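We did not get these values from a lab; they are worked out from the coordinates using the rules stated. What you see is a predicted model, and the numbers here were worked out from it, not measured in a lab. So basically every Cβ, Gly included, is an ideal-geometry build from the backbone, and we count neighbours across all protein chains shown.
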């Protein structure tokens, strides 16, 4: 008789597949397209709209902007509807992408989360920490995906070095570029540096314990240049530099760990990783003790033998499309997105610590000397509301009472 082993094996595979299918939520098995609206038709809103419109499992329901001409132009490009009122999307969409100015993020995102609609919001998540925590709580209470647009997490060069940079001890990042006349409602910390703040927090996974920062306003508004040194409970130190008045764009990061170091060029999407030899890691080589012939040998072979470098070149990738794909898949599966609302709130919290240190930075030795990004004199007394008892003689016919005054 022919053995039945082969048939039993097939049946087992079929049963396993059937059991696995029962674990898949209905959102994945359905063929209905995910209905998404985009709020904000500026530069980033345009990118998001174009990429969502190209996804086969997504229906771009509408784009929304208070400037009707801008909304209509983008709607025509993407083959969708133009709206001027964000709340008109409620009842028509499963999810929204918010790409408006930072100051509007909280007011725009909140009603959608309250209505049970998934939200992708551009970075930074909100202006204040209280606003961020409210959005995170709403998403958690309603079982919704809240994703924040820290797009560099999806940069293939950054993802390629992750296996090499566990437990970093020193991180240095520079993010600079010419002034774009966009995002002028925030300074360079919330505009550019927050990208690296999020990346550092995702790498270190430790609590910041000390922040020292300074910054300068060059063009009259918020800080345009900032430099921060952050020390973490794990012993890691991060040095971050950001400028939006630079002549040349730079998006780079170096990461040192006990066993390796890496350098990332985010713009070129490439990286280098150096993994020292076990001899160096064990401190068994001291170049001060080398004989003359050994010195000659290592002039030619030091790097190849003890500091080998791996160059990583990634394939061209659209990071914005990848983060939107993650958002869609997180809703359908469902699962957590790579960058959660909690991650966005943590990045914002550290950004505010940097801004506080930056505002209090002293530019001279005087106690009431120049301070902050505008290098203004520091007030000896911070004005605050107070009360005083009004003298009846000053106000005839009135009873004495305590009046609240400013200053």
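Can you give the calculated 222 nm mean residue ellipticity of the chain, where each DSSP H run of n ≥ 4 adds -39,500 (n - 2.57) and the sum is split over every residue, rounded to the nearest 500 deg cm²/dmol?
Details: 12 runs with 139 residues, N = 407.
Calculated mean residue ellipticity at 222 nm is -10500 deg cm²/dmol.
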Placing each pseudo-label 7 Å from Cα in the direction of the beta carbon, residue 336 and residue 231 end up separated by a distance in nanometres of 2.9
To one decimal place, what orientation-averaged projected area in nm² is obtained for the convex hull of the Cα set of region 178-244? 4.4
I need the fraction of alpha carbon pairs in region 22-149 separated by more than 23 Å, rounded to a whole percent. 29
The chain - share of DSSP beta bridges that are antiparallel (%, nearest 5): 60
Multiply the residue separation of residue 167 and residue 137 by 0.36 nm, subtract the distance between their alpha-carbon atoms, and state the gained length in nm to one decimal. 7.8 nm
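Please compute the length gained on full extension between residue 303 and residue 76, using 0.36 nm multiplied by the number of residues separating them and subtracting their Cα-Cα distance. If you can, show how the numbers build up before the last one.
Numbers: separation 227, 0.36 × 227 = 81.72 nm, distance 5.64 nm.
Here the segment from residue 303 to residue 76 would lengthen by 76.1 nm.
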Report the per residue volume, in Å³, of the convex hull enclosing the C-alpha atoms of the chain. 278
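Going from the alpha-carbon gyration tensor of region 201-315, what semi-axes, largest first and in whole Å, does one get by taking the root of 5 times each eigenvalue? Present the calculation step by step, with values, prior to reporting the outcome.
Working: eigenvalues 253, 72, 46 Å².
Whole-Å semi-axes of the equivalent ellipsoid: 36, 19, 15.
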Give the residues of region 47-79 whose amide nitrogen is closer than 11 Å to a point set 7 Å from the Cα of residue 318 in the direction of its Cβ. 47-56
Which of 247, 303 has the fewest Cβ neighbours within 10 Å, and the rest in rising order: 247, 303
Build a GNM of the chain with springs between Cα atoms under 10 Å: which of 172, 278, 77 gets the top mean-square fluctuation? 278
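Please work out how much length the chain gains when fully extended from residue 376 to residue 32, using 0.36 nm per residue of separation minus the C-alpha to C-alpha distance, in nm with one decimal.
Values: separation 344, 0.36 × 344 = 123.84 nm, distance 5.81 nm.
118.0 nm is the gain from fully extending residue 376 to residue 32.
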Cβ crowding within 10 Å averaged over residues, with 200-208, 38-46, 307-315 ranked highest first: 38-46, 200-208, 307-315
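Using a 10 Å cut-off around each Cβ, can you sort 241, 366 from fewest to most neighbouring Cβ atoms? Could the numbers behind the result be given before it?
Details: 241 20, 366 11.
Fewest-to-most ranking of 241, 366: 366, 241.
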